[in-house]
Amino acid sequence: MLRRTILFSLVLVLAGACRLAAQNPPGKFRISGKTVSAVTGQVLAGAEVSISKVEQRDSVLQKMLTTDDGGFSFAGLEPGKYLLIGQRNGFSRQSYEQHGAFSSAVVVGPGLVSESLVFRLRPDGRIVGKVVDENQEPVPNATVYLFRSDPSGGFKQIFQRAETSTDDRGYYRLPHIESGRYYVLVSAQPWFGPFAQVSANGNQSGADKAAFDVTFPVTLYPGVTDIGSASSFVLEEGQEFTADFALNAIPSLHLRLNHFNNSPGQPRNARLSTRWFGTEIYLPGQRETQADENSREIAGLAPGQYVINIESYGAVREKHSTAVNVTADMEFDVDAALPAPSIRGVVQKDGGLNLTPRAFVLLWNLRRNEALEAPIDNKGQFEFSPDLLVPGNYSVFVASGLNSTIGSLSATGAQVEGQTIRVTASNPIQLRIELSKSLSTINGIARRNDEPFAGVMIVLVPQSPEKNLPLFRRDQSDSDGTFTLHDVLPGRYKILTIEDGWDVEWADMSRFKARLDRIPSIEVAPNRTYQTTVNVE
Amino acid sequence: MHEVKPQMVRTATTHLLRFGVCLMGLCLTLAEARQQSQAQEPAQVSDSSANSKPADNTLSVTGMVVNTLTGEPVRGAVVAINTAQISRQIALSTLSDNSGHFQFNGLTEGRAFISAIKPGLGNRFRGQPAGTSVQVTRNVSPVLLKMDPTGAIFGRLTGSDEQPLEGFPLQVISKQTVGGKQQWVPVPFRATTDDDGNFRIAGLPADTYCLQVGQNQQTTLSGRGVPNPQEQGYAEVFYPGVADFNSATPIELTGGREVEANFSIAAEPLYEVSGIVTTQENLNSPVEFFRKAGDGNDFFQSAMVQDGRFQIKLPAGYFRVVGSTATGIQLAASGVVVSSDNPNLNVALRPVSGIRVELQRESSSASTQRNTPEQLRSIGINLQLVRTAGAPGASYWWAPGQSDGFQGVAPGVYTVQANGPPGTWYVKSLRSGGIDLLSEDLTVVEGAQPQPIEVTLRDDAASVRGTVAPADDMAPVTVLLVQPRGTGNRIKVGGAFQGKFEMDGVTPGDYLLLAFEGEDRLQYENPEVLNPYLSKAEHISLQPHGIANVNLSLFPTGR
């Protein structure tokens, strides 16, 4: 076993003088190889394969359909980095050695291997199923949600991956799903739900009213209604997984919202939703009626936790949300719940902000799957709607393309550690975010046994990683082992390589503690470009 | 004097809406019902006895719902009962039990309409729920509600290499009688092929259908192992893979059946075409290329124009190119030919000749006069050009004050419909050159300057009112005023409601009057269909400002 598993040789080069260009480029180069199924290894004839320059990834340079033996070949190429993209029926568009948002560029030049590549295309999986009711009759128009459990954000999170509806036979189909761990959830109402409103008049018999006034609880695979009992399943590459559901209609609960029309000049509207895995899900079965002059009633509810979204119109337009646990027919005063303390702030940058359209600030608790976004206006100001934000530690991100790394973060009303704030339910919070103008770049090459090593995950780990999640940087090494880490804030870091680690929680440094201890730190100064080599264990 | 009911407007949509109201939402589609569920007031039970005696509200109606195809009972159908006084909008509803039975209690004596709905059963899009009228009395016989199962068209769409084609939109077109004519009408049934090329369009009533695959923006490559081969694209096709609607194979769907329609469509080479757009006008839009196929178009693509230049990928064929100026002037170029890559295509756009409309009114108290736009607009007339044959195409609409006529009308044959005017006004004449548009069609020829449409309105219209027997509370009735003209007929259409009808704006003259069951069932515009009934029609003669009262007997249409 090697005593030093990762070697660093950090070479400072002048910004702008990056790498030595190949001297006297020897004519033209070629990218060639064959496409095969990543599962069966069979060659894939007729796959569409294309190349584009990494710097102009949207501009296809050349493309072709693979030959009967899966072959492709692109000639006449200048030295450089190329994205290799392939797709075919049953194989969604994907890059060479793609892992989530990363892939390995094919690097072309003297002495570099860019021919006889094996492009392993991963076949799509799909999830199918049938939704029936307690009488085994199909439930048409049920909404089926697919959630994916995925560690690509650094920690495992569950997020919505796809959504579809059942057809007239109750069948649904979620195609083009990559391998991974999934949950499936169904939200539906009995088809006669819309008639329940009509049947609610006073002349209906009690039995008829009860027959119409039923609802399907939100149901998770494998047929449970509480999230703790839900089962995830693993979808393998190219697999078709069947997740059938039998929904049981139960008597619906009624929630009466009192003091709803307190201000005649400010009419209000209430809509209920539920949150599953952090995603708001609309409930098709809810039926809203005016119970009396000042009360609104929402019927069609199953027992459970709900979010009431209340919108005011009139002179003042307001939105706020509050949580309610519905366990029986019950009443609720929408004004009894106090609005959460505000969280707002300003983003600044020395020399002026140059934000991309739809830039936003993100508060993200990666461990708890809680996130909240607020758009940034043209003055750099932002304000969250924190009604449903659970108290805790939140990393602060600014999403505005490259050059939107936070240089300094300060707050009143909240404790700040690194790039993390502690949110409590008691204080309004004012954030002040200064974007850095001093970002550096680290170019490197991953090697094993002195040979370039392609396809390995490169992780730039900041100090106090738990408090500085926004400062992590990642890349995947290209076919010549090279990688680039952009937008690095000045400070001390370690560079970690993780082989075959695309399914691990790469931001959880407790997993890599022993290795990290052996890796020397590097000091990154402002506005520099570095060249480094990392050895892969 | 009885209350005047508004004259029925003859469109499938209003038919459905009207029925929707009378059944308290029962025949609404689920989506419509969902939208309305928040808006509906709680229903009120009507008091069917208008006299002062206390109503006997202890009557019951029982019945059973069955599937007409299998004869089996239908469980879990929503069954609703509406009493005769539908203006009071009462409905009681129940779910049929496991043996298909239902029962309504607490009813008062009188006529009622009982109907049922369940997914997969009944003709919902035609607004014809399974239902029947009954007289609620003591000891009324059990009601049998028959529900027609709906059918489905399903299949698989593949390319010429037998690979599945995903994401292609499919639309169903159905042969219907609209406005007394058989027409192909797009109906709201759509699907998109899935990842395996499969599609399924369900909930279709028994009917004759045509299946249309919409244009898809996907492109494929033409040859394996060839660097940068030519791209290929897909145009719009009709089942079983033809570009011309007139060559499409209709699909006959009988009740409750599922018809499989697998087919394969071929991609066509796309050529790289670029060039310049020349025009005397100030072009202010992208240019849109439409490829001619039969009497329609089967491929559409638009291109931005920068400094007078455009770049586009098109299949071979004859194209009509259109654009517009900032002020809305339609520009077009016809006969643009694409047969290969072409870097020098010159598209010369010229203003499209509009069809001018000249509107004048005649007063019974004064001579013919031209009028100010405000005066004409206040009459409330509008004109519509509707394609008469072939694939359903765009229709064009015009009203006074909008512009001086129809703009950008594509070549084709159109029926000119004059809608309105209400009250005492009527369309005395509708002409284009030597053509009487009240009984003939308008032909718009590519590149030719069309004659203006001349409309003359007159203000001494007559009225007809009367009764239709037997009167059914719920079933729609069509009333026709017919003037035989040579080999054809000039027809004005109205509707009866609860056995009564009233039609204003009638051109003075002699008429034959008939009343038919249902709406849009009879092809009355076809003289061969209508003329056998005319010998049994009522004759009337209407003077200017005249009012006629007529009692009509209802002709069954046997549907």
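The values are calculated or read from the model by the stated rules, or taken from the named source; none is laboratory data. All values reported here derive from a predicted model rather than from experimental measurement. Glycine also receives a Cβ, built like all others from the backbone with ideal geometry; neighbour counts cover every protein chain displayed.
Key figures
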{"quantity": "Among (1) outside any loop (DSSP other than H, G, I, E, B); (2) surrounded by fewer than 17 Cβ atoms within 10 Å (Cβ to Cβ); (3) at pLDDT below 90 - the single one B:Gly423 does not satisfy", "calculated": "(1)"}
{"quantity": "Members of the range B:226-242 found to be part of a loop (DSSP other than H, G, I, E, B) and either within 14 Å of chain A (Cβ to nearest Cβ) or closer than 20 Å to B:Ile153 by Cβ (or both), listed by number", "calculated": "B:Val226, B:Pro227, B:Asn228, B:Pro229, B:Gln230, B:Glu236, B:Tyr239, B:Pro240, B:Gly241"}
{"quantity": "Residue that is within 14 Å of chain B (Cβ to nearest Cβ) and of a type outside the set (Lys, Arg), where the choices are A:Gly180, A:Gly228, A:Gly193, A:Gly223", "calculated": "A:Gly193"}
{"quantity": "Filter result for A:Asn89 (more than 29 Å from the chain's Cα centre (by Cα) and without any contact (Cβ under 8 Å) to a residue 12 or more places away in the chain)", "calculated": "no"}
{"quantity": "Those residues of the range B:223-237 which are free of Cβ contacts under 8 Å to residues at least 60 places away in the same chain and surrounded by 15 or more Cβ atoms within 10 Å (Cβ to Cβ), in sequence order", "calculated": "B:Arg224, B:Gly225, B:Pro229, B:Gln230, B:Gln232"}
{"quantity": "Test result for A:Ala105, within 14 Å of chain B (Cβ to nearest Cβ) and hydrophobic (A, V, I, L, M, F, W, C)", "calculated": "no"}
{"quantity": "Answer from A:Thr35, A:Thr40 - the residue that is touching a Ser or Thr at 6+ places or on another chain (Cβ under 9 Å) and not assigned by TED's automatic domain parsing to the domain that holds A:Ser477", "calculated": "A:Thr35"}
{"quantity": "Test set (1) over 30 Å from A:Ser95 (Cα atoms); (2) at pLDDT 95 or above; (3) buried (at least 19 other Cβ atoms within 10 Å of the Cβ) - A:Pro222 fails condition number", "calculated": "(3)"}
{"quantity": "Residues that are under 20 Å from B:Thr220 (Cα atoms) and either surrounded by fewer than 17 Cβ atoms within 10 Å (Cβ to Cβ) or of a type outside the set (Val, Ile, Thr) (or both), drawn from the range B:304-317", "calculated": "B:Gln311, B:Lys313, B:Leu314, B:Pro315, B:Ala316, B:Gly317"}
{"quantity": "Cross-chain or 6+ apart pairs with Cβ under 8 Å, the range B:249-266 first and closer than 16 Å to B:Asp148 by Cα, then assigned to a loop (DSSP other than H, G, I, E, B) and charged (D, E, K, R)", "calculated": "B:Gly255/B:Asp148; B:Gly256/B:Asp148"}
{"quantity": "Residue that is farthest from B:Ser160 (Cα to Cα) [pool: residues in the range A:25-48 that are assigned to a strand (DSSP E or B) and either among the aliphatic types (A, V, I, L, M) or away from chain B (no Cβ under 12 Å) (or both)]", "calculated": "A:Phe29"}
{"quantity": "The range B:161-177 residues that are over 27 Å from B:Asn526 (Cβ atoms), paired with ones that are among the aromatic types (Phe, Trp, Tyr) (beta carbon under 7 Å, 6 or more apart)", "calculated": "B:Leu170/B:Phe199"}
{"quantity": "Those residues of the range A:269-320 which are part of a loop (DSSP other than H, G, I, E, B) and either surrounded by 13 or more Cβ atoms within 10 Å (Cβ to Cβ) or at pLDDT 90 or above (or both), in sequence order", "calculated": "A:Phe277, A:Gly278, A:Leu283, A:Pro284, A:Gly285, A:Gln286, A:Ala302, A:Pro303"}
{"quantity": "Where A:Asp167 falls short, out of the listed (1) within 22 Å of A:Ile281 (Cα to Cα); (2) at pLDDT below 95; (3) part of a loop (DSSP other than H, G, I, E, B)", "calculated": "(2)"}
{"quantity": "Number of the exception - A:Phe277 against (1) within 24 Å of A:Phe332 (Cα to Cα); (2) out of contact with any Gly (no Cβ under 7 Å at 6 or more places or on another chain)", "calculated": "(1)"}
{"quantity": "Residues of the range A:275-310 that turn out to be without any contact (Cβ under 8 Å) to a residue 60 or more places away in the chain and either touching a helix residue (DSSP H, G or I) at 6+ places or on another chain (Cβ under 8 Å) or away from chain B (no Cβ under 14 Å) (or both), as a count", "calculated": "9"}
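This table checks each residue for (1) exposed (fewer than 14 other Cβ atoms within 10 Å of the Cβ); (2) within 14 Å of another protein chain (Cβ to nearest Cβ); (3) of a type in the set (A, V, I, L, M, F, W, C); (4) within 30 Å of A:Arg93 (Cβ to Cβ).
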| site | (1), (2), (3), (4) |
| --- | --- |
| B:Pro269 | no, no, no, yes |
| B:Gly275 | no, no, no, no |
| B:Thr279 | no, no, no, no |
| B:Leu283 | no, no, yes, no |
